[in-house]
Structures are given as structure tokens and as C-alpha cells.
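The values are calculated or read from the model by the stated rules, or taken from the named source; none is laboratory data. From a predicted model like this one, the values you see are computed outputs, not experimental measurements. Here Cβ is always computed from backbone atoms with ideal geometry, including for glycine, and neighbour counts include all displayed protein chains.
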Amino acid sequence: MRASTEFLATLLLVLVSVSSVAHGDPLVPALIIFGDSVVDVGNNNNLNTLIKSNFPPYGRDFVNHRPTGRFCNGKLATDFTAEYLGFTSYPPAYLSRDAIGNALLTGANFASAASGLYDSTANLYRAITLTQQLNYYREYQTKLVNMAGNNGANNIISGAIHLLSAGSSDYIQNYYINPLVSRIYTPDQFSDILIRSYTTFIQNLYGLGARRIGVTTLPPTGCLPAAITLFGAGSNQCVARLNQDAIAFNNKLNSTSLSLQDRLPGLKLVVFDIYQPLLDMVTKPSDNGKPPILQ
């Protein structure tokens with residue numbers, strides 16, 4: 001997929017300041033992941049929530065051909081990221097049985113499907129809020145210190161790549177369907193709330209020692225199947241107003257991220273544009289390896 005390859009290429013070129021893998025070691029000491037269903041690898045399996053993917057056909061094309069809690073038939077973009085960085089395993093879901101001992105030395109995944117930048121979104125679905133994901137991360141750091149000592153843990157954290165994928169659920173699973181929110185805030189006002197949450201999260205993550213952070217933009221939310229079904233008025237076309245809201249949010253995300261990088265010494269904060277590559281896949285399928293759909 002073009003979107004995945006561009007995402008990974010940008011990640012490796014910008015966030016990793018090395019030229020080669022030495023002795024087969026990964027390019028970075030650890031991969032830490034926060035966010036929503038796009039990157040959840042099984043945390044929701046351990047929650048009292050209806051938002052789960054622990055049944056077929058999820059996982060059909062994964063390594064073990066079984067559902068793992070990934071909201072996907074196969075690998076996630078973050079799984080490919082781990083492979084390209086040289087890891088021989090994927091960061092385990094922090095709430096899973098796999099998140100023990102040495103498995104945590106190379107990272108952890110705190111993401112939860114139906115979570116968002118806005119904690120109220122996660123609360124609607126009993127998912128793990130971004131605030132709680134950060135609390136788990138603090139707990140994770142304590143475990144690292146116990147295993148690797150203070151210096152070892154600090155080196156792991158400062159050298160690790162931290163990824164955040166969130167925001168889609170805030171719109172599709174909250175704002176657009178929740179009159180308690182949409183009647184109070186305009187899309188512009190709601191995006192400001194999300195950006196404030198994002199700013200706080202990055203500042204807190206930086207305060208905990210993270211120095212390499214990547215965040216994805218919103219995708220073309222108006223092209224998501226759920227969005228077309230709910231808001232497409234019977235059409236099979238992307239919903240333009242939802243895409244416009246995503247573009248407006250992404251513009252704020254970019255400018256805010258530049259400001260944060262300027263203000264926080266030593267921070268390398270990269271915004272990965274997944275909006276345009278995914279939109280191209282939808283609107284120009286023949287340019288991305290798929291035949292056009294005949295009308």
C-alpha cells in the first residue's frame with residue numbers, strides 16, 4: 001500500500017538518525033505506541049467493552065491466522081514499522097499476558113480501539129483514555145527501571161520512537177453522532193479541544209523523557225465506510241464536509257506540532273500525512289495498483 005510505504009519511509013528517514021543496522025540490532029532501542037483502533041493490538045481484549053476484534057475474519061491473514069485484537073485482517077502499519085526498524089517481534093499490548101519481562105525492553109503498545117485525543121470519546125465506549133494510556137506508560141517506565149536500571153531505562157526511552165494515532169474516533173464515534181457535543185461546539189471549536197488535548201499529551205510525553213515522537217494526521221474521514229454509511233445520504237461517495245473537517249484539523253495539527261518542536265529542546269516531532277495517500281487510493285485506484293470500479 002502506498003500510504004503504508006510512505007509512512008514507513010518518512011518514519012525511518014526523519015526519526016532515525018542512523019545510517020545502518022549494526023550487527024543486526026534494531027535501529028532504535030524500543031517502539032512505543034499510543035492511540036486508537038488503527039494501532040490497537042489487543043488491549044481491548046482485556047477490557048469490559050463491546051469494541052473488540054477477537055473474532056473472525058479479523059486476523060485471517062495475520063502470521064498465526066487468528067484474531068489477535070487487531071482491527072485488521074493482517075498486519076497493521078505499526079507492525080510493518082517494527083519489522084522495518086529491525087525488530088523480530090511486535091510491541092505487545094500492555095494489558096496482555098505477553099507484556100512481561102524482556103518483551104517490554106523493546107517497547108509496548110498502549111492503544112485502545114475507540115479511544116481518542118478527547119478522553120470523553122474513550123469513556124463512551126469503555127476504552128482506555130489517552131490520559132490513562134499515559135498513566136500506563138509511567139507504570140511501564142517503572143518496570144523498565146527495575147529491569148534495566150535508571151541509566152538503561154533512560155537510554156531506552158530517549159532513543160525510542162513513540163507513535164500516536166488518534167482523532168478519527170473523536171469525530172466518527174463521538175462528535176458527528178453525539179448531539180451533546182455537536183450542538184455545543186462547531187467543528188472548528190471541537191478541533192480546538194482536540195488540539196489542546198494533543199498539546200498536553202505531547203508535553204507530558206516529553207516530560208517523561210520521550211524525544212522522538214511521530215503522530216499521524218486524520219485520514220479522509222469522509223471516505224471511511226462507516227462515515228459513508230452514516231452520513232452519505234445513500235451515496236457511495238466520500239462525504240465532503242467530513243473531509244473538510246479533517247483537513248482543517250490536520251492544518252492545526254501541523255502548526256501546533258511545529259510550535260511544540262520549537263518550544264521543547266531536543267524534541268524531534270514528525271507529523272505523518274496519511275490523508276493525501278489514502279485519499280489517492282480511494283479516488284485514483286488505478287494509480288495505486290487497483291483496477292477502477294466500473295459504474
Worksheet item: F272 passes all but one of (1) in contact (Cβ under 8 Å) with a residue 24 or more places away in the chain; (2) more than 17 Å from the chain's Cα centre (by Cα); which number fails?
Response: (2)
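Would you confirm, using the coordinates I've provided, whether T88 is crowded, with 21+ Cβ neighbours inside 10 Å, hydroxyl-bearing (S, T, Y) and modelled with pLDDT under 95? Before you say what the answer is, go through the steps one by one.
Working: crowded, with 21+ Cβ neighbours inside 10 Å: no; hydroxyl-bearing (S, T, Y): yes; modelled with pLDDT under 95: yes.
So T88 fails the test.
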Item to complete: Mind telling me which of the residues F62, F80, F87 ends up being not in a loop (DSSP other than H, G, I, E, B) and not acidic (D, E)?
Response: F80
Item to complete: Report, by residue number, each residue of the stretch 118-131 that is surrounded by 24 or more Cβ atoms within 10 Å (Cβ to Cβ), touching a residue at least 60 places away in the same chain (Cβ under 8 Å) and in a helix (DSSP H, G or I).
Response: L130
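How many of the residues making up the stretch 70-117 are closer than 29 Å to N174 by Cβ, free of Cβ contacts under 8 Å to residues at least 40 places away in the same chain and not hydrophobic (A, V, I, L, M, F, W, C)?
5
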Worksheet item: When you look at A103, is it outside any loop (DSSP other than H, G, I, E, B) and surrounded by fewer than 20 Cβ atoms within 10 Å (Cβ to Cβ), yes or no?
Response: yes
Worksheet item: In the stretch 59-69, is there at least one residue being free of Cβ contacts under 8 Å to residues at least 40 places away in the same chain, within 21 Å of A122 (Cα to Cα) and either buried (at least 18 other Cβ atoms within 10 Å of the Cβ) or of a type in the set (A, V, I, L, M) (or both)?
Response: yes
Worksheet item: Do the conditions hold for F201, that is, is it aromatic (F, W, Y), in contact with a Phe, Trp or Tyr (Cβ under 6 Å, 6 or more places away or on another chain) and either touching a residue at least 60 places away in the same chain (Cβ under 8 Å) or closer than 27 Å to F34 by Cα (or both)?
Response: no
Response to the item:
Taking the stretch 191-227 and keeping residues aromatic (F, W, Y) and in contact with a helix residue (DSSP H, G or I) (Cβ under 7 Å, 6 or more places away or on another chain) leaves Y198, F201
Item to complete: From the list I195, I228, I184, pick out the single residue that is surrounded by fewer than 19 Cβ atoms within 10 Å (Cβ to Cβ), under 25 Å from P277 (Cβ atoms) and without any contact (Cβ under 8 Å) to a residue 12 or more places away in the chain.
Response: I228
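Please enumerate the residues belonging to the stretch 204-233 that are assigned to a strand (DSSP E or B) and under 16 Å from V38 (Cβ atoms). Show your work before the answer.
Taking the stretch 204-233 and keeping what is assigned to a strand (DSSP E or B), we get 212-216.
If the condition is that a residue be assigned to a strand (DSSP E or B) and under 16 Å from V38 (Cβ atoms), then G214, V215, T216 are the ones that fit.
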